[in-house]
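Written out below as structure tokens is the structure these notes cover.
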Amino acid sequence: MSMLFERPHLLGLEGLSAEEIGFLLDTAETFKEVSDREIKKVPALRGRTIVNLFFEDSTRTRTSFEIAAKRLSADTINLTAKASSVSKGETLADTARNLAAMRPDAIVVRHPASGAPELLARHVNCPIINAGDGAHEHPTQALLDLLTIREHKGRLDGLTVAIVGDILHSRVARSNLHALRACGARVRLVGPPTLVPRDFALFGAELVHDLHEGVRDVDVIMMLRIQHERMNGRYFSSLAEYSRLYGLTVDAVALARKDVIILHPGPINRGVEISSTVADGPYSVIMDQVTNGVAVRMATLYVLVGRRRLPEVQTTPAGSGIDSTARGMVAGE
Amino acid sequence: MRMENGSRSRRVVLDATGLKRALARIAHEILERNKSAAELVVIGIRSRGDILARRLAAEIGRLEGAEVPCGAMDVTLYRDDISRGADQALVQITDIPWEIDGRVVLLVDDVLYTGRTVRAALDALMDFGRPRAIQLAVLVDRGHRELPIRPDYVGKNLPTHREELVAVDLQESEGHDEVALILNGELNGGGGR
């Protein structure tokens, strides 16, 4: 029968099985078609309310979630940290309780602190979707990366993926590492020793500190955005030196497999971690990632929110539908 | 094949030949009513309606000597009972590669029961365009409508009890063509409502 995704929330990809990830990707693939229609809207989540709760600036992720929700006919409310009472000293748990009292059907949350979505999940009775928490996870970003890779390569199993850049501070890298490993891909983490934590070898990653060695014969290169504020001498001497050693150029790309694809979560620092020639070149699938982002977020919202409707009484055996959902909600892992 | 046992009985109501004849008759009826296939677009409701739609389109095309456009739709996202928690099937792709504006859409499903699936399909079609007309063809009409929907073409009218299930097995999905009525049964495979 069909694959199930029974988790009440999407807090991260660590611990998800290849089947669970595959189910979300398959669902996302179907939802891509909706965005190709003239009327880009289906009534699946009509009457549902999705709260986008953003404690960090993010134009593209928030927009992507908002478009996804709207294409499913849900109502969306955007709350940003500056505009909310967070700046007046309210704690996250208080904010959560107040939001919960307004009966949203899901909360999409981005927060600078790792674990914030998990805390929220303990205080509210609706699905929580992590849209990026500190240096912890950014599950929908990794899902859209996997969908993009799967579309271009036809599979994930057996591929070699190099993730290049500031691994230490990257929630994108963490989510991708967990998901790619679960799906049978080999992962190389590439960057200076100060930005590639040795602990990551425990998750089955290969750690490489030389860019050319790191991208040799890989199927996929995933570049991470370098945060300028981190390049103050503590992790690396200068932006120019980082760029010279780890910036992705045409020469480096030539060492990868001929059919290599290049991903970047955006926004791009042109000429820093990636040269314009590479970013706009034939191997770049960066715009596909953006398109797939909407589909992945539609799939996530649909899978987590859509099933909360009461089961059809006449055909569902007693105790199966409602109970499993309710149990999941209370457990709130 | 499934075996009968004490708690459930299975009665074949359409065998492979009967199913073939029913589809052939429907194809003729469609042409008789629409005069030609020139404006026709055949769209099947997943899953199994799409298989029957392909067969009907091929049959009409054979009779007319012209290719009849055929598509498929998954109406899950338009249903009024979207989720039943434990039964979360994968939503399948909707594939309607033709303009339906001003054309006659022949909607095809395997079993017509409450009418709720067809209601969802009608809503979905309206999002794709404005057909001149929509007609409905079903392999089996088992009654018990909950909405004011009626089929234009019926392979077999089958009076049923609500407790019974209609299992439609098709060559393309189950390896053989057969429609059976199952009492107090649980389906192992095949489609049933």
Q. Given charges of +1 on the Cβ of Lys and Arg and -1 on the Cβ of Asp and Glu, with all other atoms neutral, how large is the dipole of the protein assembly as shown about its Cα centre, in debye to the nearest 20?
A. 900 debye
Q: List the relative contact order of the stretch A:1-147 as a percent without decimals, with contacts defined as Cα pairs under 8 Å and 6+ residues apart.
A: 27 percent
(Q) Could you tell me which residue out of B:S36, B:P131, B:I100 lies farthest along the dipole of the stretch B:2-192 toward its positive end? Charges go on the beta carbon: Lys and Arg +1, Asp and Glu -1, centred on the Cα centre. (A) B:S36
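Can you say what percent of the DSSP beta bridges in the stretch A:1-158, counting only those with both residues inside, are antiparallel? Round to 5. Before the final figure, lay out the partial values.
Values: 1 of 17 bridges.
Roughly 5 percent of the DSSP beta bridges within the stretch A:1-158 come out antiparallel.
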Q: Among the aspartates and glutamates, select those whose C-alpha is under 19 Å from the C-alpha of A:K153, and discard any that sit fewer than 8 residues away in the same chain.
A: A:E19, A:D26, A:E29, A:D145, A:D217, A:D219, A:D259, A:D288
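Over the stretch B:1-150, what is the relative contact order in percent, taking alpha-carbon pairs closer than 8 angstrom and at least six residues apart? Walk me through the numbers on the way to the answer.
On the way: 226 pairs, mean separation 34.4, N = 150.
Computed value for the stretch B:1-150: 23 percent relative contact order.
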**Q.** Computed over chain A, the ratio Rg/Rh where both radii use C-alpha atoms and Rh is Kirkwood
**A.** 0.98
Q. Counting partner chain Cβ atoms within 10 Å of every residue's Cβ in A:27-40, what's the average?
A. 3
(Q) Just want the answer: with Cβ charges of +1 for Lys and Arg and -1 for Asp and Glu, which residue in B:T160, A:V187, A:T49 is farthest toward the dipole's positive end in the protein assembly as shown? (A) A:T49
Q: Please name which of A:G134, A:G158, A:A116 has its Cα lying farthest along the dipole of the stretch A:115-160 towards the positive end, using unit charges on Cβ (Lys, Arg +1; Asp, Glu -1) and the Cα centre as origin.
A: A:G158
Q) Hey, got the dipole for the stretch B:2-192? About the Cα centre, +1 on K and R Cβ, -1 on D and E Cβ, debye to the nearest 20? A) 460 debye
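For B:91-101, what's the mean count of beta carbons from other chains sitting within 10 Å of each residue's beta carbon? Please list the in-between numbers first.
On the way: counts 14, 5, 7, 5, 1, 2, 0, 0, 0, 0, 0.
Mean inter-chain Cβ contacts per residue within 10 Å come to 3.
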Q: Round to the nearest 10 and report in Å² the accessible area of B:L165, as given by a 1.4 Å probe over the protein chains' heavy atoms.
A: 40 Å²
Q | For the stretch B:2-192, radius of gyration divided by Kirkwood radius, i.e. Rg to Rh on alpha-carbons | A | 0.96
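Among DSSP beta bridges lying fully in the protein assembly as shown, give the percent that are antiparallel, nearest 5.
DSSP beta bridges in the protein assembly as shown are roughly 20 percent antiparallel.
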Q) Can you give me the relative contact order of chain A as a percent, contacts being Cα pairs under 8 Å and 6 or more apart? A) 20 percent
Q) Out of the DSSP beta bridges found with both residues in the stretch B:2-192, what percent are antiparallel (nearest 5)? A) 40 percent
Q: Enter the Cα centre distance for the pair the stretch A:112-138 and the stretch B:17-86, rounded to the nearest angstrom.
A: 47 Å
(Q) Give me the dipole magnitude in Debye, nearest 20, for the stretch A:44-173 about the Cα centre, with unit charges on the beta carbon: positive for Lys and Arg, negative for Asp and Glu. (A) 400 debye
Q | Residues A:H209 and A:R257, FRET efficiency given R0 of 30 Å [Cβ-Cβ distance, rounded to 0.05] | A | 0.90
Q. For peptide A:44-52, how many partner chain Cβ atoms fall within 10 Å of a residue's Cβ, on average?
A. 1
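The values are calculated or read from the model by the stated rules, or taken from the named source; none is laboratory data. Please read these numbers as outputs of a predicted model, since none were measured by experiment. Note that we place each Cβ from the backbone using ideal geometry, even for glycine, and neighbour counts take in every protein chain shown. With ligands, DNA and RNA removed, areas are computed over all heavy atoms of the protein, side chains included. Shrake-Rupley method; radii C 1.70, N 1.55, O 1.52, S 1.80 Å.
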